[in-house]
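Asks: Before I ask anything, let me first share the structure, which is written out below as structure tokens.
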Amino acid sequence: MTRIGIIGGGQLGMFICQAAKDFGIKTSIFSKEKDFSAKKFCDSFFIGDFKDENILNEFIESADYFTIETENIPFEFLNSIHKKKKVYPEPKIVRICQNRLIEKEFLNSINGVKTANFFSINKFTDFNASIKKLNYKGILKTCEFGYDGKGQYKIFDKNINQIKKLNLNNFILEEFLDFKLEISVIVCKGKNKIISYPVVRNIHESSILRETIYPADISDKTKEKATKLALRIAEEMNLYGILAIEMFVMKNDDILINELAPRPHNSGHWTLDFCETSQFQNLIHTIINGSPKSPKPTGNCKMINVIGNDFLNKDDLKEKYKFYDYLKEEIKPFRKMGHYTFRN
Ligand code: ADP
Ligand code: MG
């Protein structure tokens, strides 16, 4: 029986385990946390630190193929696995996606691909010189380990006292974009085939994804452009696995790439209910036989995230919509606790 090892046991890991189970594939999870969403759904789990070699070796023994549910994994850890068994996507792809600076440099090296203007920041004087060039309108982000807007500071004027207090090592400063809307495209690529999910629109609140709408309410031309860009990036990366591409549509319909995620993505949760093949199933198809399937959407829909205290109203939601509980131990502000989907 085929076995897949997943690094990380959050909701994405949980959905990967569920998809694997439907195909009769066994799963094992490596988690840093004692309690994690995927615990009930995996066949085995290993709890420990990324530096613990004994656990790492047991984890490597536990599966034939490996994948990730977060990009925030030390490169060395992934590489140790990849030397013995295959990790999808490869560690060198994860390395690009886990550092905003490397990611933006990679994206801009591709002909026809653009991002916001950006500056590498390693000390306050770097920041001071760069924010001036941006007319004091920018967004400062840690290069690594940020998610859901964590580690980000918006700057709208010359009042930069809060920035002075930071230890500005390994940061990136981006121009603040006055975009029209945000979209994303998910691509799966194996040795035999590449597919893309249709373009969806994403609405963020406090820099956290709030809603995903399928289909995106943009012109067919812009959809085509976004899809081409996504496929191009996956080809240039030599992707084998899954990649989500977040994009900004500007007021003149130009597309700038925001960021990449080498794993299933929150903006693809609608595919669990409204596609013949979900992003999680397609990750498995890609890993096992190199051939993702055509997604075949089955209807217009919306996905809404349940964040922090929204969770207290989950019983109302359950009655009206299809509700997914991420089984988190504790409600925390800005924590993704679950999501619901409905036909739109
Ligand atoms: P995360 O890894 O936390 O998702 P993102 O870079 O995607 O980080 O930022 C989260 C959200 O913040 C984006 O979806 C967008 O709404 C907003 N944002 C990020 N970068 C910019 C930018 N350069 N200009 C304007 N808004 C931005
Ligand atoms: Mg993002």
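Asks: Mind checking the per residue accessible area of the chain for me, 1.4 Å probe, whole number of Å²?
Replies: For the chain, the solvent-accessible area averages 46 Å² per residue.
Asks: State the Cα centre-to-centre distance between region 53-127 and region 247-304 in whole Å.
Replies: 20 Å
Asks: Helix-only estimate, please: 222 nm mean residue ellipticity of the chain, summing -39500 (n - 2.57) across DSSP H runs of length 4 or more and dividing by its residues, to the nearest 500.
Replies: Mean residue ellipticity at 222 nm (helix-derived): -8500 deg cm²/dmol.
Asks: Which pairs in the list K137/K228; K40/K328; K104/K165 are over 19 Å apart, alpha-carbon to alpha-carbon?
Replies: Correct reply: K137/K228; K104/K165.
Asks: So, one more: Name the trypsin sites (Lys or Arg not before Pro) in region 244-325 that are in a loop by DSSP and that have at most 16 other C-beta atoms within 10 Å, would you?
Replies: Taking region 244-325 and a limit of 16 other Cβ atoms within 10 Å, the loop trypsin sites (Lys or Arg not before Pro) found are K251, K293.
Asks: Does region 169-225 classify as rounded, prolate or oblate by the C-alpha gyration tensor (a ≥ b ≥ c root eigenvalues; a/c under 1.5 gives rounded; else a/b over b/c gives prolate, otherwise oblate)?
Replies: Oblate, because a/c is 1.5 or more while a/b does not exceed b/c.
Asks: Does region 203-344 come out rounded, prolate or oblate, given a ≥ b ≥ c as the square roots of the eigenvalues of its C-alpha gyration tensor, rounded meaning a/c under 1.5 and, failing that, prolate meaning a/b above b/c?
Replies: Prolate.
Asks: Counting only protein heavy atoms and using a 1.4 Å probe, what share of the accessible area of the chain belongs to carbon plus sulfur, as a whole percent?
Replies: Carbon-and-sulfur percentage of accessible area, whole number: 46.
Asks: Can you list residues whose amide H is under 5 Å from I218's amide H, if they're 5+ apart or on another chain and H is modeled 1.01 Å from N?
Replies: Under 5 Å from the amide H of I218: no residue qualifies.
Asks: Further, regarding this structure: List the relative contact order of the chain as a percent without decimals, with contacts defined as Cα pairs under 8 Å and 6+ residues apart.
Replies: Contact order relative to length: 15 percent.
Asks: Okay, moving on. Straight-line reach from K191: which aspartates and glutamates fall under 15 Å, measuring Cα to Cα and dropping same-chain residues less than 8 apart?
Replies: Of all the aspartates and glutamates, those that pass the test against K191 - Cα under 15 Å, at least 8 places apart if same chain - are E90, E235, E236.
Asks: While we're on this one: With θ taken as phi - 60° and the coefficients 6.51, -1.76 and 1.60, list the Karplus ³J(HN,Hα) couplings across region 235-241 in order, rounded to whole Hz; mark glycine and proline as x.
Replies: Each residue's phi maps through the Karplus curve to give 5, 4, 7, 6, 4, 9, x Hz.
Asks: While we're looking at this one, here's another question. Please compute the alpha carbon radius of gyration of the chain, then divide it by the globular-protein estimate 2.2 N^0.38 Å. Two decimals is fine.
Replies: 0.98
Asks: If each of I203 and S44 carries a label point 7 Å out from its Cα toward its Cβ, how far apart are those two points in nm?
Replies: With each label placed 7 Å out from Cα toward Cβ, I get 4.6 nm.
Asks: Taking θ as phi - 60°, what are the ³J(HN,Hα) couplings along region 108-117 by the Karplus curve (6.51, -1.76, 1.60), each to the nearest whole Hz, with x for Gly and Pro?
Replies: 6, 7, 8, 4, x, 10, 10, 10, 4, 5
Asks: Just to be sure I follow: if Rg is taken over the C-alpha atoms of region 50-209 and Rh is the Kirkwood radius over the same atoms, what is Rg/Rh?
Replies: Result: Rg/Rh = 1.02.
Asks: Taking θ = phi - 60°, what integer Hz values does the Karplus form 6.51 cos²θ - 1.76 cosθ + 1.60 yield along region 178-191, in sequence order, with x for Gly and Pro?
Replies: 9, 7, 7, 7, 10, 9, 8, 9, 10, 10, 10, 9, x, 6
Asks: Treating cross-link reach as a plain straight distance, find the aspartates and glutamates whose alpha-carbon is under 17 Å from the alpha-carbon of K332, omitting any fewer than eight places away in the same chain.
Replies: Filter leaves E33, D35, D148, E205, D310.
Asks: Can you tell me the length gained on complete extension of the stretch K223 to N111, counting 0.36 nm per residue apart and subtracting the Cα distance?
Replies: Using 0.36 nm per residue and subtracting the Cα-Cα distance, I get 38.4 nm.
Asks: Using only Cα atoms, find the angle between the long axis of helix 124-133 and the longest principal axis of the chain, and express it within 0 to 90 degrees, rounded to the nearest 10.
Replies: Taking the Cα atoms of the chain, the angle to 124-133 is about 70 degrees.
Asks: Here is a follow-up. Near the amide H of T115, under 5 Å away, which other amide H atoms are found, from residues 5 or more places off or on another chain, if H is placed in the peptide plane?
Replies: For T115, the qualifying residues are I257.
Asks: Could I ask something else about it? Please state the shape class of region 14-65: rounded when a/c is under 1.5, otherwise prolate if a/b exceeds b/c and oblate if not, all from the C-alpha gyration tensor.
Replies: Verdict is oblate for region 14-65.
Asks: In whole Å, what is the distance between the alpha-carbon centres of region 164-202 and region 9-32?
Replies: Comparing the Cα centres of region 164-202 and region 9-32, I get a distance of 24 Å.
The values are calculated or read from the model by the stated rules, or taken from the named source; none is laboratory data. Fair warning: this is a prediction, and the values are worked out from it, not measured in the lab. No Cβ is skipped: glycine too gets one built from the backbone with ideal geometry, and neighbour counts run over all protein chains shown. Calculation scope for accessible area: heavy atoms of the full protein, side chains included, ligands and nucleic acids excluded. Shrake-Rupley method; radii C 1.70, N 1.55, O 1.52, S 1.80 Å.
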